[in-house]
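Asker: Below you'll find the structure I mean.
The values are calculated or read from the model by the stated rules, or taken from the named source; none is laboratory data. The structure displayed is predicted, hence computed values, not measured ones. Glycine also receives a Cβ, built like all others from the backbone with ideal geometry; neighbour counts cover every protein chain displayed. Side chains are part of the model used for accessible areas, which takes the heavy atoms of the whole protein and leaves out ligands, DNA and RNA. Shrake-Rupley method; radii C 1.70, N 1.55, O 1.52, S 1.80 Å.
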Amino acid sequence: MTEQLLLKALVFAAERHKDQTRKGKSNIPYINHPIEVAHVLSSFGETEYDLLIAAFLHDVIEDTVKNDIEKENLKNDIRKQFGSNVLEIVLEVSDNKSLSYKERKKLQVINTPNLSDSAKKIKIADKICNILDIKNRPPEKWSNQRKLEYLKWAKSVVNGAVGLNKKLDQYFFDTYNKVHTYLKNNKP
Ligand code: ZN
């Protein structure tokens, strides 16, 4: 039953992220984020199970392992429980944490045009949710300028991912414009 697998992925992700919160000031549990990403995708007609499962799991490799052994174990777990296609998608959207922040951000812009369709869609939904978070529950220490820089960077990543789902693309640009205007008008 694929619905069961979808819920299993949700439980799996919740367990992996259980001690984490989002960067914002409201102490939102981390798991809210992958749930929102999967919800955005399904809201725009993306209902393929592997895609939604990968959306639930999209940050577990990047954000919940401390070393290479843990990473390998987690990869094996994901492959065993959800299949190699799901694992591939999750790996595609995972930054290499051994690189610097700057390098990782640069690589996302360069690599996104070469990702699979599923990975591109997750990238877009992920950036939509992150931009909404910047407006609604902003990371405490981020200046207005840093938020605007994040938006600009997110748009350059998404520009390499558009063309698969017009409504999803449009929702990104609408969200971008709305939050961009908000930040421009609400300088601290
Ligand atoms: Zn994410």
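Asker: Which of the residues that make up the range 144-188 are of a type outside the set (Asp, Glu), part of a helix (DSSP H, G or I) and open to solvent by 80 Å² or more (accessible area, probe 1.4 Å)?
Answerer: Step one: list which residues in the range 144-188 are of a type outside the set (Asp, Glu), which gives 144-148, 150-168, 170-173, 175-188.
Then drop every residue that is not part of a helix (DSSP H, G or I), which leaves 144-148, 150-158, 166-168, 170-173, 175-185.
Within the range 144-188, GLN145, ARG146, LYS152, LYS166, LYS167, GLN170, ASN177, LYS178, TYR182, LYS184, ASN185 qualify.
Asker: Out of curiosity, is GLU48 open to solvent by 50 Å² or more (accessible area, probe 1.4 Å) and either out of contact with any Pro (no Cβ under 6 Å at 6 or more places or on another chain) or within 16 Å of the ligand (Cβ to nearest atom) (or both)? Even if it seems obvious, please write down each step before you answer.
Answerer: Numbers: open to solvent by 50 Å² or more (accessible area, probe 1.4 Å): yes; either out of contact with any Pro (no Cβ under 6 Å at 6 or more places or on another chain) or within 16 Å of the ligand (Cβ to nearest atom) (or both): yes.
For GLU48, the condition - open to solvent by 50 Å² or more (accessible area, probe 1.4 Å) and either out of contact with any Pro (no Cβ under 6 Å at 6 or more places or on another chain) or within 16 Å of the ligand (Cβ to nearest atom) (or both) - is met.
Asker: Moving on to the next point. Looking only at the range 115-134, which residues are modelled with pLDDT of 95 or more, open to solvent by 10 Å² or more (accessible area, probe 1.4 Å) and closer than 15 Å to TYR182 by Cβ? I'd like the intermediate steps shown before the answer.
Answerer: Residues of the range 115-134 that are modelled with pLDDT of 95 or more, as a first pass: 115-132.
From what is left, the residues that are open to solvent by 10 Å² or more (accessible area, probe 1.4 Å) are 115-118, 120-121, 123, 126, 130, 132.
ASN130, LEU132 - these are the residues of the range 115-134 that are modelled with pLDDT of 95 or more, open to solvent by 10 Å² or more (accessible area, probe 1.4 Å) and closer than 15 Å to TYR182 by Cβ.
Asker: Can you pull out every residue in the range 14-30 that is closer than 19 Å to GLN81 by Cα, open to solvent by less than 70 Å² (accessible area, probe 1.4 Å) and either away from the ligand (no atom under 11 Å from the Cβ) or at pLDDT below 90 (or both)?
Answerer: ALA14
Asker: Scan the range 57-79 and give yes if some residue there is open to solvent by 20 Å² or more (accessible area, probe 1.4 Å), under 20 Å from ALA161 (Cβ atoms) and touching a helix residue (DSSP H, G or I) at 6+ places or on another chain (Cβ under 7 Å), otherwise no.
Answerer: no
Asker: From the list GLU46, GLU36, GLU70, which one is of a type outside the set (Val, Ile, Thr), assigned to a helix (DSSP H, G or I) and in contact (Cβ under 8 Å) with a residue 24 or more places away in the chain?
Answerer: Going through GLU46, GLU36, GLU70 in turn, the sole match is GLU36.
Asker: Within the set of pairs 6+ apart or on separate chains, which have a first residue in the range 109-130 that is over 26 Å from ASN32 (Cβ atoms), a second that is within 14 Å of the ligand (Cβ to nearest atom) and open to solvent by less than 40 Å² (accessible area, probe 1.4 Å), and C-beta atoms under 7 Å apart?
Answerer: Partner pairs satisfying both residue conditions: VAL109/VAL157.
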